[in-house]
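In what follows, a structure is listed as structure tokens, so that the remarks can point back to it.
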Amino acid sequence: MIYVLVGDGAVANKTNVDVSLYANGTDGFATYANVPVQMNYRTNIYGALLTNPEVFNVEIAPAFAGNNNNNVIDGAVVEMNNGQVVCTTPALPAGVTEALLEGKGGVYIDAQGQPQTFNADGHAIAAAMRESSEIYFAPNAIITTDSHWLKVPQSGVTIHGNGATLTGGEQDFSIQEGAGYTQYEEGSTINININNLNGVKVWGGPTTNATFNINLNNCTMKGKGLTNKSPNNMVMVRPLDNATCKVNLNAENCYLEGMQVAFHTSVAGTEVYKNCTFKNVGVPINIAKKLNGALMSISVIGCTFDNCGIAPDDTANSAYNYAAPIRVVDNGGPANAINLLVDGCTFTSTLSDWDLLLMDYREGTPWSTVKYTIRNCTPANPKVKATAN
């Protein structure tokens, strides 16, 4: 077996090499040109290699088993298996071992620098979040929580998911304000970083003029029943129409399946969706800016939309009359206050009339023009509805 380094600059991490066979280490007797190789894959060359160099076959197979096929994300070794993050080597604080977390929900480091474990339930996580802004879940743990238990503090939170799964209720990290919730400081910035976690949701309607930076990397959410009517979401931030808060959202390598809406925001900010997979989602990206004069920059890069949207005659689905894989609507104005880039995305078996819906054709609903650029997509010209005509 020979190991070949394939540089990141190669297209799709693939390249071609020349393979030469030698006898006794010095005498060359066969050379094969342009043999394809791919990063973290094994290339098999088989056939009459020794007796007839002209007859051979080449096969690229995902044959490196175990950690060689995994990714290192947030310091953990993980893989995405059928839309589920699975962790083989967790990211843990120094001195904390997997054995310490057996039967636990996770661990944090207290103010004295000591590790404190907590149980696998939402109340225990909420208590841990009040003590520390950095939480490590036990690898591949199942954690039962409920709606709005996990209130994000003013200090923000970083979650090292390690392939754990949240379940129960809306299982959300809440940025809601009001009685029983966090009251955020005017003009402050709250950072929410979540990595390698299944069943993720960030929810709320903040009223304070604060900035929320939401970063989701290698996270998943699957709706109950896996239909495009399921009420589950990964992000739902929809305050009052005149809210002046800002949401900067970055979702990368995330997997979402079987829900009505995956991401929904309605306030100013910068949003980036990169290398995410959406399967059977009614409105995967649903942005409806409300505040007049607010600015938004939205980039959707390298994402896959499979069987998404809602059929226009599926009137039993409450989102049927505004559904598309990418819906970006400016209900506040002015014209071109939203700048949208869609680059390198794939749309397959779209159920709605449009791949991109950039206007609001619901009767009596005002909307302004969205500035958009579409390039390098499959199909090359996705179906776009951007005008009233």
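The values are calculated or read from the model by the stated rules, or taken from the named source; none is laboratory data. This is a predicted model, so every value here is computed, not measured. Cβ atoms come from the backbone with ideal geometry, glycine included; neighbour counts cover every protein chain shown.
For the range 261-377, give me every one of the strands (runs of 3 or more DSSP E) that falls completely inside it and has 2 or more residues that are within 28 Å of L240 (Cα to Cα) and touching a Ser or Thr at 6+ places or on another chain (Cβ under 9 Å). Fully inside the range 261-377 and qualifying: 269-274, 277-289, 296-301, 326-330, 338-343.
Say whether the condition of being outside any helix (DSSP H, G or I), in the same structural domain as G199 (by TED's automatic domain parsing), under 27 Å from the mean Cα position of the chain (by Cα) and closer than 28 Å to E257 by Cα is met by at least one residue in the range 96-103. No, every residue in the range 96-103 fails to be outside any helix (DSSP H, G or I), in the same structural domain as G199 (by TED's automatic domain parsing), under 27 Å from the mean Cα position of the chain (by Cα) and closer than 28 Å to E257 by Cα.
Only one of the numbered conditions (1) surrounded by fewer than 24 Cβ atoms within 10 Å (Cβ to Cβ); (2) in a strand (DSSP E or B); (3) within 19 Å of the chain's Cα centre (by Cα) is violated by I190, and that is (3).
Hey, can you tell me all the residues within the range 357-389 that are polar (S, T, N, Q) and farther than 20 Å from G293 by Cα? Within the range 357-389, T373, N376, T378, N381, T387, N389 qualify. If we scan the range 286-297, do we find a residue that is assigned by TED's automatic domain parsing to the domain that holds V370, buried (at least 17 other Cβ atoms within 10 Å of the Cβ) and closer than 18 Å to M221 by Cβ? Yes, the range 286-297 has at least one match. Checking the structure you have, find out if any residue of the range 373-382 is among the charged types (D, E, K, R) and either more than 22 Å from the chain's Cα centre (by Cα) or surrounded by 13 or more Cβ atoms within 10 Å (Cβ to Cβ) (or both). No: the range 373-382 contains no residue that is among the charged types (D, E, K, R) and either more than 22 Å from the chain's Cα centre (by Cα) or surrounded by 13 or more Cβ atoms within 10 Å (Cβ to Cβ) (or both).
For L166, the test of being in a strand (DSSP E or B) and out of contact with any Cys (no Cβ under 7 Å at 6 or more places or on another chain) is passed. For the range 148-163, the tally of residues that are within 17 Å of N213 (Cα to Cα) and either part of a loop (DSSP other than H, G, I, E, B) or among the charged types (D, E, K, R) (or both) stands at 6.
Scanning the range 238-254 for residues that are aliphatic (A, V, I, L, M) and at pLDDT 95 or above turns up V247, L249, A251. The lone criterion from (1) within 13 Å of N162 (Cα to Cα); (2) of a type in the set (V, I, T); (3) in contact (Cβ under 8 Å) with a residue 40 or more places away in the chain left unmet by V96 is number (1). Within the range 116-165, the only residue that satisfies the criterion of being farther than 18 Å from N191 by Cα, touching a strand residue (DSSP E or B) at 6+ places or on another chain (Cβ under 7 Å) and charged (D, E, K, R) is D121.
Looking at the structure I just gave you, is W149 closer than 25 Å to K290 by Cα and in contact (Cβ under 8 Å) with a residue 12 or more places away in the chain? In short, no.
Among the residues examined, Q116 qualifies as of a type outside the set (D, E), touching a helix residue (DSSP H, G or I) at 6+ places or on another chain (Cβ under 9 Å), without any contact (Cβ under 8 Å) to a residue 24 or more places away in the chain and surrounded by fewer than 16 Cβ atoms within 10 Å (Cβ to Cβ). Only residues that are under 12 Å from the mean Cα position of the chain (by Cα), in contact (Cβ under 8 Å) with a residue 40 or more places away in the chain and in a loop (DSSP other than H, G, I, E, B) were counted in the range 216-253, giving 3. Can S155 be described as over 22 Å from P231 (Cα atoms) and of a type outside the set (A, V, I, L, M, F, W, C)? Yes, satisfied. Of the numbered criteria (1) farther than 27 Å from V261 by Cα; (2) aliphatic (A, V, I, L, M); (3) crowded, with 24+ Cβ neighbours inside 10 Å, the one L166 fails is (1).
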